[in-house]
1. Pop out the Kirkwood hydrodynamic radius of the range B:1-141 from its pairwise C-alpha distances, inverse of mean 1/r, in Å to one decimal.
2. Could you give me D for chain A, from Stokes-Einstein at 4 °C and 1.567 mPa s, where the hydrodynamic radius is the Kirkwood radius over C-alpha pairs? Units µm² s⁻¹, please.
3. Would you mind checking the tilt of helix B:62-98 against the longest principal axis of the Cα atoms of chain B, expressed as 0 to 90 degrees and rounded to 10?
4. Students often get this wrong, so check it: of C:343/C:521; C:120/C:521; A:129/A:201; C:295/C:350; C:443/C:464, which have C-alpha atoms separated by over 25 Å?
5. Summarise the partner chain shielding of C:422-435 as one whole number: the mean count of Cβ atoms from other chains within 10 Å of each residue's Cβ.
6. So how tilted is helix B:133-160 from the main axis of chain B? Cα-based, degrees 0 to 90, rounded to 10.
7. Hey, got the dipole for chain C? About the Cα centre, +1 on K and R Cβ, -1 on D and E Cβ, debye to the nearest 20?
8. What Rg and what Dmax come out for the range A:5-131 when only alpha-carbon atoms are used, in angstroms?
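The values are calculated or read from the model by the stated rules, or taken from the named source; none is laboratory data. This is a predicted model, so every value here is computed, not measured. Glycine gets a Cβ as well: all are built from the backbone with ideal geometry, and neighbour counts include every protein chain shown. Calculation scope for accessible area: heavy atoms of the full protein, side chains included, ligands and nucleic acids excluded. Shrake-Rupley method; radii C 1.70, N 1.55, O 1.52, S 1.80 Å.
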Amino acid sequence: MGRQAGFIISKILELLATLFLVSLLTFVAFSVIPGDTAQVILGPDASQAQLDALRSELGLDRPMIVQYLSWLGGLFTFNLGKSAAFGTPVAGLIAERLPVTIGMSIIALIFVIVISYPLAILSARRPGKTLDQIFSVMGHILFAIPPFALSLIIITIASALFSGFRAGQYFAPSDNFGGFVGCLILPSFCIALPKIAMTFKYMRSSIIEQNSSEYVKNAKGHGLSDLRILVKHVLPNSNVSSITVISIVLSDILAGSLIVEQVFNLPGLGRLLLAGIARRDFPLLSGMVFYIAFITVLLYFAADILGSIADPRIRLK
Amino acid sequence: MKDPRSKSFYIAGFILLGIVLASFILSLIWTPYDPNATDPASKLMAPCAEHIFGTDNFGRDTFSRVMFASKYTIFISFAGVAIALLLGLLTGLPAGYYGGWTDRGIMLLSNSVMCFPGILLALVAVAVAGPSMFNVVWALGLVFAPTFARVTRVGTMEIKQRDYIMHAQVMKIPSPRIMALHILPNLVGTLLPATVIGLANMTLFESGMSYLGLGVQPPDASFGKLLADAQAYMTRAPWLIIFPALMLIIYILGLYFVSEGIRVRTQKGGV
Amino acid sequence: MENIPEERIRHIHLVKVHDLTLSFPSAKGEPAKPVLDKLSFGIRDGEILGLIGNSGSGKSMTAYSIAGLLPANAKIEEGAIKFRGKDLLSMKPAERRKMLGSDIGMIFQEPASALDPLMKVGKSLEEILISHGIKDKAERYNRISDILSTVGFATPEKIYERYPHQLSGGQRQRILIAGALLLSPKLLICDEPTSSLDSVTTVAILDLLRKLCIDMKITILFISHDISAVKNFCDRVIVMKDGKIVESDTTEDILMRPKNPYTAELLTNARLDPRKLELTPAECDRTAEPVLSCKDVSAAYTASLWGRWDENRVLNGVDLDIYPAEIKGLIGSSGCGKTTLVKTLLGLMKSEGTINRKSDNTGAVFQDPVSCLNPSHTIMWHLKEALRPYKRQMSKEDIQVAIDNAIETVGLDRGYLNRRPGELSGGQRQRVAIAMCVITRPKLIIADEPFSSLDASSAAEILKLLAKINREHQVAILMITHNIHIVRAVCSTVAVMDAGKIAEDGTCDKVLNSPESDATKKLLEAENTLHS
């Protein structure tokens, strides 16, 4: 118990240190590197009076450290100030766009797990045989297709084949939840495909590795059936080692959705990000970047903790 | 004992890469048409004898534009990987070799950078610095550096355990020399597949950024930029999507196959 | 006669293997060289039969054929295996699987990884009982407790709750034996069960197996590549080579009067007998100032979890003196701190206490001939690199002469200078490693088990070489080894390490013939049982 508590405490400290660094990096990237934010927002023709007014409104006339601390405080109270481009609070803008991004990530993760695990188990049964080879080559090909290019190809082909096919429809979840989920399925699938390939490849080699391990040989020597060995020994061990991979996959899916929603014209975080970039809306961008990184950090943290709970070698000594 | 799979991966990989590299090398001396020459008379032509990949909304020859774009795609991937590899070595070697607080500091920094989804970090860097090819190159180099740092660090930690490094320490060889001459040559086997994979991932990122309009800027073009330009015409002119997408996939797939070949060979051959 | 059920007939042979031929046909269907070639032998009821051979001799495949655990691409071309009269090869896979565990038990080589790391060992054992249809939970628990105490655990209920990583190698091997015996099989197949254990643990495991063989009336098939391991253990031995039986006889006859030259060769190779080498180490003067002197040296491995220090103290006040031109042996069972002491003496690890070195120049030769040289560079580069600290004071010609002398001293010719380590044999690499020491003319060489992964003839050559260097260059050598014969043959003094301390230190004669400490006694006893 003492060891596990120590491990979790050390991971929490690491999490806090990472979050601090992440916030610092974000702040530096948006407040220090670009130079004068007021100038950036108002453009080169702004008068000195206009600049001064905006500076004091945004709090830019305060020392850097004070600006950083107040921004940091804002992060935790969801009070990030107003977006320079939209004129509304940043937190509200993000909350408004969140359902699409979260929805796509969840659907894509379901695709990944539901498709890759059974295929990996099937493939690892007889490694090197025809079925395994077909799956593996397909995996390589899927892995190499950028999701946005795949989306474009699918839309191109589908609209050539079916005259009624229309991409880019969107239903708000509050109006029509079924329609909302429906319009997310194809984009989620496109994001999921390369990740299905990645998870398949990892799980397959993990199962094969476990199958050739000494303890499986030993269990066979005790007369356990192949199915029982798979369910009781091989899969639990593979799952423990795949926790980290799943956390990486999920963060990749989140990042991938930023681009793919552009193809399907969906109002998610990616569109907001691009709008922010186009209008150089730094308050909006810094908030979004921090929160997305925050989610990623939490994912990795959760994977570490889950892994330590599942693996007695970390849990106990 | 060579695994026969490694050979078939190499053959497939080099054929695919060959297609893209050939179009790149050829584009330096010759393209069927000037890739940037517009021709209002032949707008959005379907593939035909004169324009085998068709033309775009300005009447530019798609075949020439694809050849032209291969140059930028290939350049950005190689330049970005070179920067990432250099940064990765400069941080990963000392982190793995010295361990302790050096390791912890470097790894905390690299983990923090890795917490930003790569594409987000690259987009933001370009957003702050302004979109241009050189900004894309260093932004991607920076984004990928932690990956190389990790690979280098793990490899270094492993080689550090070998007796010949202990020998070198007993012989009082200075640490920088141990890292550069005793460890680095033995890391080639691990870094090579990572580098080839890095090229492929770099291309994935670059194409995504160019697709969003934050990568290569006109009049330059990369495969991703061609796809972005074509999206508005995708129902009327599917060839504008299909050919650049195909070339992009061929390049990435070729790189994956080559790296897989290396990986399979070194795994079975036991270096 | 025909009406008597098969099971009631008393068989002299528990297992009878007849004309067994096994091969690995290639995918293209070309005929492959058989791995087992018309193999015939019997295992008598109640005996311990040793199956000895080098790797590739087919001994493991023989065991897997009997157990029914052959790899998928293996093919039995002809022959029969009978277990208590029943033909195993004609049985259905499911039936054979049921026999595993209940009629035939197996133990494998690697106790470190042979248990599921995520499962409590009790649960792992319970899986076996569930698979063999024992549904009553209380019965399962009782049977597991019983078998755990049979294999020597005083508190089975505590062991039941442990995870594999919480147990030592010897304990894990006991768990595996418990698992194999859980359903009281008639035959126990042991595939090199002790090859990764140290000598003290090996003796304990072999004692346990012998006891179980008698108490539970089990027959044992014991597979090993090491002919000396069967010595005080097996009743009968079969020697195999290239899938055929070379010789089979009682253990005593095989060891004392081998009829086949191959068996004789195995016997001589198994044991490096340094007494025959007639080594003459240098005379050493123990009144001179020591080249290396340790006083109360301690060292610990620490791992910190953000401020919480985990300390694992490995050295606990070591006192050790090495005098000029002395060859000192350092022995001890695994985990006693030998390797840590070497690292500390070489300055690769921080330590407390005082270490006085007469000169900074200490050479080192390590255990593993594979990783002792850098695979990326030539032998020439290695020797030049060794001279780097002295390069300033040397001319180009001096360096060349030094390199030529060094390579000649270790008995290699100059042609090797341009080769890379990959092109050299294990013995040759160790020679290069020694050349790298000699070239700097050190006063002390620390040799950390330099023979343990070499075959007997290369080991003998390296030993001769070290003795020659000691004599001709008056270099002191600290020789870390687990082989007491080497100590007897070449060392003038010996120190015995135990639990991070020097338990005993003195002349070979005194320490090895009239040991005072318990650690030395235990070590000598185990060595004698296994190797004398």
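1. By the Kirkwood definition, the hydrodynamic radius is 18.9 Å.
2. 57
3. Relative to chain B, helix B:62-98 is tipped by roughly 10 degrees.
4. Flagged as over cut-off: C:343/C:521; C:120/C:521.
5. Taking all residues of C:422-435 together, the mean is 0.
6. Result, in degrees: 30.
7. Computed charge dipole of chain C: roughly 820 debye.
8. 23.2, 75
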